[in-house]
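Heads up, the thing below is written out as structure tokens.
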Amino acid sequence: MPSVLEKPINSVMKTDTPMLKKEDTISKAIELMQKTGIQFVSVVDGFKTLIGTLCPKDILKAFEVPSILGGNIKMSGEFFASGLSRKIEEVMTAPAIHLEEENTVGDALRLFTNNQVDFIPIVNKGTVVVGFVSLLDVFNQSNQSSK
């Protein structure tokens with residue numbers, strides 16, 4: 001019986017991947033995250049080819065205010081609204097780290113560790129998004145195997 005780390009990643013991945021295009025707004029991404037309960041979005045082109053990822057840390061970049069003084073800066077409602085209307089491509093992480101369907105749970109664990117991310121998109125050989133895996137999915141899998 002193969003160890004958990006040798007299992008193919010497609011045996012633990014989820015296929016209901018939240019996806020948006022780079023032209024979509026931060027506001028739309030937040031709405032999708034709230035609707036799905038998944039704090040991650042694969043950013044794709046019209047053919048569902050992976051071009052980037054978006055997570056809450058990326059979204060915060062839309063609201064950064066440069067300050068030479070440091071400290072707290074009061075954010076106006078106008079500034080907040082302008083951050084929400086920015087395009088995903090302005091703050092997404094690209095190129096996106098990803099795994100292919102043939103990769104293993106061990107490969108995922110290495111990527112999670114080396115890149116400090118919570119979600120990894122899974123692509124087919126044509127880099128079309130077919131799913132995603134979360135760090136919790138990997139730990140749940142190893143926890144189930146140890147029972």
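The values are calculated or read from the model by the stated rules, or taken from the named source; none is laboratory data. The structure presented is a predicted model; accordingly, all values stated were derived computationally and were not measured. Neighbour counts run over all protein chains shown; Cβ positions are idealised from the backbone, glycine included. What goes into the accessible areas is simple: the full protein's heavy atoms, side chains included, and nothing from ligands, DNA or RNA. Shrake-Rupley method; radii C 1.70, N 1.55, O 1.52, S 1.80 Å.
Some notes on this structure:
- Computed [θ] at 222 nm, deg cm²/dmol, the chain (DSSP H ≥ 4; -39,500 (n - 2.57); rounded to nearest 500): -9000 deg cm²/dmol
- The share of alpha-carbon pairs in the stretch 1-56 lying farther apart than 13 Å comes to 64%.
- The residues of the stretch 4-139 expose, per residue, 57 Å² of accessible area to a 1.4 Å probe.
- Counting only aspartates and glutamates at least 8 places from Lys21 when in the same chain, those with an alpha carbon closer than 17 Å to its own are Glu31, Asp45, Asp58, Glu89, Glu90.
- Of Asn103, Asn115, Asn124, the one that fluctuates the most in a GNM where the chain has Cα springs shorter than 10 Å: Asn115
- Given 12 as the ceiling on other Cβ atoms within 10 Å, longest exposed-site-free region of the chain for GluC sites (Glu not before Pro) in DSSP loops: 103-147
- Highest-MSF residue in the chain out of Leu60, Leu111, Leu32 [GNM, Cα springs under 10 Å]: Leu60
- Surface/4 estimate of mean projected area, convex hull on alpha-carbon atoms of the chain, nm²: 10.6
- Legend: distances between Cα atoms for Lys14/Lys87; Lys57/Lys125; Lys14/Lys35; Lys35/Lys125; Lys7/Lys35; pairs beyond 19 Å are Lys14/Lys87; Lys57/Lys125; Lys35/Lys125; Lys7/Lys35.
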